[in-house]
1. Only one residue in LEU189, LEU204, LEU171 is part of a helix (DSSP H, G or I) and at pLDDT 90 or above. Which one?
2. I'd like the residue in segment 241-268 that is touching a residue at least 40 places away in the same chain (Cβ under 8 Å) and of a type in the set (A, V, I, L, M, F, W, C) and, out of all such residues, is surrounded by the fewest Cβ atoms within 10 Å (Cβ to Cβ).
3. Residue pairs, Cβ under 7 Å, 6 or more apart or interchain, first in segment 270-282 and closer than 30 Å to GLU170 by Cβ and among the small types (Gly, Ala, Ser), second assigned to a helix (DSSP H, G or I) and at pLDDT below 60. List them.
4. Name, by its number, the condition in (1) within 15 Å of ILE27 (Cβ to Cβ); (2) buried (at least 23 other Cβ atoms within 10 Å of the Cβ); (3) touching an Asp or Glu at 6+ places or on another chain (Cβ under 7 Å); (4) among the hydrophobic types (A, V, I, L, M, F, W, C) that does not hold for VAL194.
5. Go through (1) in a helix (DSSP H, G or I); (2) farther than 20 Å from LEU133 by Cα; (3) free of Cβ contacts under 8 Å to residues at least 12 places away in the same chain one by one and return the number of the condition ILE216 breaks.
6. I'd like the residue in segment 13-50 that is in a helix (DSSP H, G or I) and aromatic (Phe, Trp, Tyr) and, out of all such residues, is modelled with the lowest pLDDT.
7. When segment 163-183 is examined, which residues are found to be over 17 Å from the mean Cα position of the chain (by Cα) and surrounded by 15 or more Cβ atoms within 10 Å (Cβ to Cβ)?
8. Can you give me the number of residues within segment 226-240 that are under 20 Å from the mean Cα position of the chain (by Cα) and surrounded by fewer than 21 Cβ atoms within 10 Å (Cβ to Cβ)?
Amino acid sequence: MLDLMLPALVASLVLVGIHAYLGIHIIARGVIFVDLALAQVAAMGWAVAGLGLSRTLGGWLGIPESVAGYCIGLGVTLIAAALLSVTRLEGTRVPQEAIIGIVYVVASAATILVVAQAPRGSEHVEQLLSGTLLWVGWTEIWRTAALFCVIAAVHWFLRERFMTISMNPELARNAGWSIAWWDFLFYALFGLVVTSAVAIAGVLVVFSFLVIPAVIAFLFTAQPGRLIGIAWSIGTLTTVVGLYASYRSDLPTGPTVVCAFAIALALAFALRWALRRPLPRAEAA
């Protein structure tokens, strides 16, 4: 079991580590489906690369095909990140979630059109949704971990700005900060994470890693430090349980992990109801 599941476990924990933190920002900002939208955009980029564009681009630039494919996925994701950073339409009745939904739908439709041109298109769609956790290699794991460490360091140094904009945007606006610029930086870093994560775990697992641990955390506290601690703990435990259940039951890894997170969320709501206390309000950093 260890030889088969250890790479998948390490890769999952690397993804959970950064997604559980980013999920706190996403829930606080109220843009719940931004991860799903950017993940689908990244998947569309990978699908386009799979048609041979990565081979062509790699030949032009003299870089490996895999690197060219990553650049394509990242490029379209950064374009979507730039779009989302300027769509906080203050003073209108158009919520940002509507723009995020449009991005997701268009990216999904484009992905279907792209994979329809490729051989074994249905298998490619399944791979983009469920990922290939069982087949991830150690080189890809360490490369992804190194990238995430750099992104985590940026978030650490800019934590006050990011947390204030997420938890209390009105305070940031009154302080004269450029919300659009900071949003772009946040979503650009987020796009880097998502592009790498989708290639490993797929759209569904990445969305679960991001949203469900953060939702569970917000059920019990509003203090940023505690939010992050609960999200990390729940994400790690649930991932281990999901992978173990997948191995013992011989079930597809990605969907099993997603269902494990759904069970964890149901248990958290049951505990929240049993405690019978008012839900905490979000606090600024």
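1. On the way: LEU204 fails: at pLDDT 90 or above; LEU171 fails: at pLDDT 90 or above.
Just a single option satisfies the conditions, and that option is LEU189.
2. ALA262
3. Between residues of segment 270-282 that are closer than 30 Å to GLU170 by Cβ and among the small types (Gly, Ala, Ser) and residues that are assigned to a helix (DSSP H, G or I) and at pLDDT below 60, there is no close pair.
4. Looking at each condition in turn, VAL194 falls short on (1).
5. (3)
6. Checking each candidate, the answer is TRP46.
7. Just the residues of segment 163-183 that are over 17 Å from the mean Cα position of the chain (by Cα), to begin with: 163-165, 167-182.
Within segment 163-183, MET163, THR164, ILE165, MET167, ASN168, PRO169, ALA172, TRP177, ILE179, TRP182 qualify.
8. Taking segment 226-240 and keeping what is under 20 Å from the mean Cα position of the chain (by Cα), we get 227-240.
Pick out the ones that are also surrounded by fewer than 21 Cβ atoms within 10 Å (Cβ to Cβ) and you get 228-229, 232-233, 236-237, 240.
Count: 7.
The values are calculated or read from the model by the stated rules, or taken from the named source; none is laboratory data. As the structure is a prediction and not an experimental result, all values here were calculated from the model. Note that each Cβ is placed from the backbone with ideal geometry, even for glycine, and that neighbours are counted across all protein chains shown.
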